[in-house]
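These notes are about the structure you will find just below.
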Amino acid sequence: MQKVKLPRQLDPIKSATKRSEYKGVMLTADMPRLVGTVASIDDEVEIEMKFLKDEQGLSYFEGKIHCGTSLICQRCNGVFTHPLDVSFCFSPVQGLDDEKTDELPDIYDPVEVNDHGEVNLLQLFEDEMILSLPIVALHAEEDCGTKAKDMSFGKIEPVDERPNPFAVLKELKRD
């Protein structure tokens with residue numbers, strides 16, 4: 001199957017009216033923030049998405065993102081593979097007003113469209129992948145080069161108490 005490069009921007013409302021489906025790739029070379037947060041990443045991000053309308057007439061798009069990455073373990077500084085599998089479901093809104101976003105059902109995340117009614121898919125998908133990365137990248141304990149017995153934990157010594165600089169004032173009060 002041929003890999004098709006997906007558009008960077010598109011109109012989600014028109015696509016939902018047409019019930020469009022996209023299956024293709026985006027290049028990670030166009031995602032500098034994501035590339036900067038991982039040790040290495042595949043050259044392409046595989047994306048599947050469908051544009052639909054629900055029973056209320058709301059336009060939405062849902063799909064999946066898949067990409068392979070390598071992260072640096074914060075325990076042993078070794079590199080390990082971490083696949084990114086992200087599911088999303090967005091509904092386009094014009095301006096992120098609290099009233100508009102509160103009216104959306106909870107299953108939809110609001111995504112703001114620009115003045116032309118388009119969504120920047122490249123930026124949206126890059127943000128979703130960054131958010132799906134672990135907060136602290138760690139191997140599974142059994143795979144990590146640093147075992148619990150190799151780690152050392154220090155004890156904090158109590159700080160010597162210094163004399164209170166206001167003790168002199170206490171003496172003046174007694175007189």
(Q) Among the residues in region 59-66, are any under 20 Å from Val35 (Cβ atoms) and not small (Gly, Ala, Ser)? (A) yes
Q: Those residues that are surrounded by 13 or more Cβ atoms within 10 Å (Cβ to Cβ), in contact with a strand residue (DSSP E or B) (Cβ under 7 Å, 6 or more places away or on another chain) and among the acidic types (Asp, Glu), I need them from region 17-62; list them, please.
A: Glu21, Asp42, Glu44, Glu46, Glu48, Asp54, Glu62
Q | Selection count, region 45-88, where residues are assigned to a strand (DSSP E or B), among the hydrophobic types (A, V, I, L, M, F, W, C) and in contact with a Ser or Thr (Cβ under 9 Å, 6 or more places away or on another chain) | A | 12
Q: Could you check how many residues of region 45-78 are modelled with pLDDT under 90 and either aliphatic (A, V, I, L, M) or farther than 23 Å from Ser20 by Cβ (or both)?
A: 7
Q. Out of region 11-44, which residues are charged (D, E, K, R) and in a helix (DSSP H, G or I)?
A. Lys14, Lys18, Asp30, Arg33
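The values are calculated or read from the model by the stated rules, or taken from the named source; none is laboratory data. Keep in mind that this is a model prediction, so the values were computed, not measured. Cβ coordinates were reconstructed from backbone atoms using ideal geometry, including for glycine residues, and neighbour counts include every protein chain displayed.
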